[in-house]
1. Karplus couplings for the range 15-31 from phi (6.51 cos²θ - 1.76 cosθ + 1.60, θ = phi - 60°), rounded to Hz, Gly and Pro as x?
2. Using only C-alpha atoms and all pairs of different ones, pull out the Kirkwood radius for the range 1-69 in Å with one decimal.
3. Residue by residue, what Karplus-based ³J(HN,Hα) values in Hz, rounded to whole numbers, does the range 41-48 have, using 6.51, -1.76 and 1.60 with θ = phi - 60° and x for Gly and Pro?
4. DSSP beta bridges in the chain, what fraction antiparallel, as a percent rounded to 5?
5. Ratio of alpha-carbon Rg to the 2.2 N^0.38 Å globular estimate for the range 59-99, to two decimals, please.
6. Could you put Arg143, Arg20 in order of accessible surface area, largest first, with the 1.4 Å probe and the full protein assembly present?
7. May I have the count of lysine pairs in the range 85-188 with C-alpha atoms under 19 Å apart, counting pairs 8 or more residues apart or located on different chains?
8. Using DSSP H assignments, which helices in the chain have an axial alpha-carbon span of 18 Å or above and a mean Kyte-Doolittle hydropathy of 0.0 or higher?
Amino acid sequence: TFTQSSIYTDGEWMMSKQYRPFNIASPKMWVGRISATFCQRPGVLRSAHPTHSVAGCGPLAKDCLLEHQETDSPTGRRSPFGKLLDYKGKMVWFGADPASATFLHFLEDEANLSYLKPALCRVERKDGTVESVLVPRWLPGHRDSYRLPGESSKIYQRLIEMGLKIRTAALGLGKIKVIEAIQMYELGMAALNADSCLMLCDDPECVFCRTYNKRETKCLHKRHW
């Protein structure tokens with residue numbers, strides 16, 4: 001149930017056409033009607049993060065969602081993505097592509113990569129007032145894994161080489177895909193510890209990835225020295 005409530009990060013104003021202050025009770029979000037409709041079902045809970053809120057229902061919903069607060073990092077250990085490890089969760093795609101795995105950002109947060117930056121976000125309270133909150137380790141810029149199909153990205157290619165299992169089953173004309181969170185975490189952390197640029201693309205026209213590829217490479221050389 002992600003929203004565009006961020007307005008400033010890393011010296012740049014982030015206002016876009018999709019911008020709106022985060023309101024936990026509002027169905028307005030940029031991830032589509034399925035999420036917005038699900039949020040309005042009885043018994044559904046939603047986490048309070050201003051950019052990366054998650055909705056859910058069921059016996060584990062409260063434990064997985066309500067610890068994620070507005071001043072936490074979007075995909076840190078207290079987020080629902082971190083809870084996937086606690087409860088041995090799985091990621092399931094119904095006719096979608098694993099390029100959309102927000103769990104990859106959890107790996108970046110755990111590795112504390114240099115391109116994660118604080119962001120100023122806006123939150124609308126129940127009384128209609130709007131306040132600014134500072135979100136640490138926000139997720140600006142581009143990633144190689146954003147391209148389709150996700151399995152062709154550098155991070156997935158590396159994880160598959162290391163033994164990542166992506167189970168598939170037919171679903172009409174498409175497929176269901178399943179990945180175990182614990183295995184993806186263990187392989188992903190090993191991969192990022194060996195190459196902190198792995199999530200970034202190699203397109204010379206991509207200013208963000210080109211900039212941080214250079215910075216991460218310099219940091220890696222210093223650590224090795």
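1. Taking θ as phi minus 60°, the curve returns 4, 10, 5, 8, 4, 7, x, 6, 10, 4, 8, 8, x, 7, 7, 9, 9 Hz for the range 15-31.
2. About 12.7 Å, per the Kirkwood formula over Cα pairs.
3. Going residue by residue, I get 6, x, x, 7, 9, 9, 6, 9 Hz, with x marking Gly and Pro.
4. 95 percent
5. It is 1.28.
6. Descending accessible area places them as Arg20, Arg143.
7. Lysine pairs, 8 or more places apart or on different chains, close enough: 9.
8. 181-194
The values are calculated or read from the model by the stated rules, or taken from the named source; none is laboratory data. Just so it is clear, the structure is predicted and the values come from calculations on it, not from any experiment. When we count neighbours, we look across all protein chains shown, and the Cβ atoms used for this are built from the backbone with ideal geometry, even at glycine. To get the accessible areas, we keep the full protein, side chains included, count just its heavy atoms, and leave off ligands, DNA and RNA. Shrake-Rupley method; radii C 1.70, N 1.55, O 1.52, S 1.80 Å.
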